[in-house]
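See structure below.
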Amino acid sequence: SELYHAQIHLYKHIYNFVSSMALKSAVELGIADAIHNHGKPMTLPELASSLKLHPSKVNILYRFLRLLTHNGFFAKTTVKSNGEEEETAYVLTPSSKLLVSGKSTCLSSVVKGALHPISLDLWGVSKKWFHEDKEQTLFECATGENYWDFLNKDSDYLSIFQDAMAADSRLFKLAIQENKHVFEGLESLVDVAGGTGGVAKLIHEAFPHIKCTVFDQPQVVGNLTGNENLNFVSGDMFKSVPSADAVLLKWVLHDWNDELSLKILKKSKEAISHKGKDGKVIIIDISIDDNSDDHGLTELQLEYDVVMLTMFLGKERTKKEWEKLIYDAGFSRYKITPICGFKSLIEVYP
Ligand SMILES: OCc1ccc2c(c1)OC[C@]1(O)c3cc4c(cc3O[C@H]21)OCO4
């Protein structure tokens, strides 16, 4: 009946966190690594002893594996142990292959970071946040601190965050390889708010002839030196952006509201104006497709939007919102290419 379906829907959303926490436990225990290193399907006793669990914990491990297997992180098969009866064994799936450490596709640091207590505690004050009169993030409401200031004070959490950003950048490298046409023909590129140059280095490796400039605030790049084709320039992206054939804005505009994003886009347009029609701005951010029939993908994109809102007052934009922002900034056309599963690469032309 409708009442029963509504109850299942409601309870599922109450306990969604259990699946997140089971995933976090799997990463902390190193289950994916243990199965990967075992080199073949792994039985529960083999896994438990490899993880050095106390015998009393074997059945607990089984219950976690049952949920994680149901959620598609592991798969069951059977093995013939010492020649006779068949025994259940576990293998990795594409999702848990993203948890094998040391691989360029490893996203374990994002699991640890996004589900770290510091990333979750802010939700304790959401009622207060909704009822206060000042514009601040849920994080600031909970801690009294700006997220970025806090991050730069807590070295453990900062290194987890940096590992997570680095993990995402490594996957961006695969996206660059799949979209070489976007960068071919460029002689110069400026990575606006490019931080310490992680992404610029990836582009430089893939396209050594492109002169890459990392542009960020003085306190970020002030004392960084580059080489002949990778240099660091400090400044204020709201005032002016160094000119180049292309301006890269990766995960920048989702941290800013429309008014400030418009400013950044207009400065970026000035920066590529010497190139006329051949100049371009490359935006890497989520583009929420309003008429997508992929409910799970849209759910992830909307969850990401709320995460950006609660931590940075940032936002993820829909396709229509991108179009309005791009045209308001004076650009004439754009092209959206899906990358990395749930993000998009948006090429914007004057
Ligand atoms: O725009 C940049 C940006 C991009 C992604 C993420 C950001 C910020 O913060 C929220 C987030 O969920 C998060 C929080 C974290 C973390 C990783 C992590 O991934 C997510 O490590 C420590 O805390």
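The values are calculated or read from the model by the stated rules, or taken from the named source; none is laboratory data. Just so it is clear, the model here is predicted, and its values are computed rather than measured. Positions of Cβ are generated from backbone atoms using ideal geometry, with glycine treated the same way; all protein chains shown enter the neighbour counts. All accessible areas refer to the heavy atoms of the entire protein, side chains included, with ligands and DNA or RNA removed. Shrake-Rupley method; radii C 1.70, N 1.55, O 1.52, S 1.80 Å.
Taking the numbered list (1) farther than 30 Å from Gln301 by Cβ; (2) free of Cβ contacts under 8 Å to residues at least 40 places away in the same chain in turn, Thr196 passes all entries but (1). Considering only residues that are aliphatic (A, V, I, L, M) and either farther than 18 Å from Asn257 by Cβ or within 11 Å of the ligand (Cβ to nearest atom) (or both), which ones fall in segment 132-160? Answer for segment 132-160, where residues must be aliphatic (A, V, I, L, M) and either farther than 18 Å from Asn257 by Cβ or within 11 Å of the ligand (Cβ to nearest atom) (or both): Ala142, Leu151, Leu158, Ile160. Cβ-Cβ distances below 8 Å connect the following pairs, each with a first residue in segment 87-109 that is free of Cβ contacts under 8 Å to residues at least 40 places away in the same chain, a second residue that is open to solvent by less than 20 Å² (accessible area, probe 1.4 Å) and assigned to a loop (DSSP other than H, G, I, E, B), and a separation of six or more residues or different chains: Leu98/Cys106. In this structure, does Ala200 turn out to be more than 15 Å from the ligand (Cβ to nearest atom), open to solvent by less than 50 Å² (accessible area, probe 1.4 Å) and under 22 Å from the mean Cα position of the chain (by Cα)? Yes, satisfied.
Could you tell me how many of the residues in segment 237-268 are open to solvent by 60 Å² or more (accessible area, probe 1.4 Å) and either within 22 Å of Phe172 (Cβ to Cβ) or more than 16 Å from the ligand (Cβ to nearest atom) (or both)?
Final tally of qualifying residues: 8.
Considered as a group, the residues in segment 141-190 that are aromatic (Phe, Trp, Tyr) and at pLDDT below 90 include one that is nearest to Met308 (Cα to Cα), and that residue is Trp148.
Out of the residues in segment 161-197 meeting the condition of being of a type in the set (Phe, Trp, Tyr) and in contact with a strand residue (DSSP E or B) (Cβ under 8 Å, 6 or more places away or on another chain), tell me which one is farthest from the ligand (Cβ to nearest atom). My answer is Phe183.
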